[in-house]
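Read through the structure below, which is laid out as C-alpha cells, and then see the notes.
The values are calculated or read from the model by the stated rules, or taken from the named source; none is laboratory data. This structure is a prediction, so every number in the text was calculated from the model and none was measured. In this analysis, Cβ positions are derived from the backbone assuming ideal geometry, glycine residues included, and neighbour counts consider all displayed protein chains. Ligands, DNA and RNA are stripped out before the accessible areas are found, and what is left, the full protein with its side chains, is counted by its heavy atoms. Shrake-Rupley method; radii C 1.70, N 1.55, O 1.52, S 1.80 Å.
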Amino acid sequence: METKSPFLDTLFLLRKEECITIFADVKQISLKEEQEAAEYFETEFEKERLEFLSDQIPFEKEAAVWAAKILYYSVQLYLVRENAAKDLAKLIPEFNGKLNLSAKLSADLSLRFLPQIVVALKNVDTDDPLIALLENILKQFHYSGIEADIEVEHLNWEEELKDTTYRKLYLERIVDNKVYRLAEIPYINKLLNAEFGWYKNAFWKELKINKTQENEPRDSI
C-alpha cells in the first residue's frame, strides 16, 4: 500500500515486508497522517486480538500513534541525522499516557521493531545518543523489547505478568525467540515449565529447568 506519505509508507513497509525506505530528510507528521495511522493500527490490533484469547482489551489510540511516530523517526534517524541531532529528545519523547495493558499491546504494533533498529545503530556507532533513548523506551515497554539486550531482570515478575493474557503472550514471545536470559529468570522459568508440561523437549529442549521444579506436578499445555 503506497500512500505518498513517508510516515505511513514506512509503517506499511515495515509491518508487511520488514523493509524500510530512507527519505532525503526527516519529514514532519501531519494530524491527518496521525489519524490515518490510528485507523490502520486499530484494524491491525483487531486482527491480532485473535491471539489474545480475550475481548476485554481495547485498542489504545494514543499509545499506538505515539509508538508509530517513535518507529518512524527512529528509522529515518538511522541514516538521516543532519539538522536533527539537536532535536532527538523532541522526536523521540517518553510515553506520558497511562501504561496499562491496552497501551502496551497497542504500542507493540510498532515498538516490536525497535530492537532491530537498536542493533543496527550499535553496528554503526555504539555511542549514538539515539540508542539510549530507544533502550529506555524498551525498558518501559519491555514486552516489545524481549529480543533486545536490556536490563529487566530486576522487575517484580509476579506483578508484571499477573494478567493471564499478557502472561501468555509474553511467554510465547520468549519461546518463539529463544530468549535464554529471560527464560532462565526463576519465576519465568517456573511458568515455562508449567506450560511445557511433559512436552518440554519438543518446545525447547536446550532450556535448563530449575532443579527444584523437576519433581513438581506438571500440567500439559
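Tell me, yes or no, whether segment 91-101 has at least one residue that is within 15 Å of V26 (Cα to Cα) and surrounded by 14 or more Cβ atoms within 10 Å (Cβ to Cβ). Within segment 91-101 (the criterion being within 15 Å of V26 (Cα to Cα) and surrounded by 14 or more Cβ atoms within 10 Å (Cβ to Cβ)), the answer is yes, since at least one residue qualifies.
Between I188, I146, the distinction of being part of a loop (DSSP other than H, G, I, E, B), touching a Phe, Trp or Tyr at 6+ places or on another chain (Cβ under 8 Å) and of a type in the set (V, I, T) belongs to I146 only.
Can you tell me which residue is nearest to F113 (Cα to Cα) among those in segment 38-83 that are among the basic types (K, R) and either open to solvent by less than 10 Å² (accessible area, probe 1.4 Å) or assigned to a helix (DSSP H, G or I) (or both)?
Going through segment 38-83, the residues among the basic types (K, R) turn out to be 47, 49, 61, 69, 81.
Remaining after also requiring either open to solvent by less than 10 Å² (accessible area, probe 1.4 Å) or assigned to a helix (DSSP H, G or I) (or both): 47, 49, 61, 69.
On the way: K47: 18, R49: 19, K61: 18, K69: 12 Å.
Per the criteria, the residue is K69.
Put simply, of L138, L133 the only residue that is touching a helix residue (DSSP H, G or I) at 6+ places or on another chain (Cβ under 9 Å), aliphatic (A, V, I, L, M) and in contact (Cβ under 8 Å) with a residue 40 or more places away in the chain is L133. Candidates are the residues of segment 135-148 that are open to solvent by less than 50 Å² (accessible area, probe 1.4 Å) and touching a Pro at 6+ places or on another chain (Cβ under 9 Å); the one that is nearest to A89 (Cα to Cα) is L138. For segment 94-115, the condition holds for at least one residue, the condition being that it is closer than 22 Å to D149 by Cβ and without any contact (Cβ under 8 Å) to a residue 40 or more places away in the chain.
Restricting to segment 121-134, and then to whatever is assigned to a helix (DSSP H, G or I) and over 16 Å from V75 (Cβ atoms), can you tell me which residue is least open to solvent (accessible area, probe 1.4 Å)?
So in segment 121-134, the residues assigned to a helix (DSSP H, G or I) come out as 121-124, 129-134.
Within this subset, residues satisfying the condition of being over 16 Å from V75 (Cβ atoms) are 129, 132.
Numbers: P129: 81, A132: 53 Å².
Here the residue is A132.
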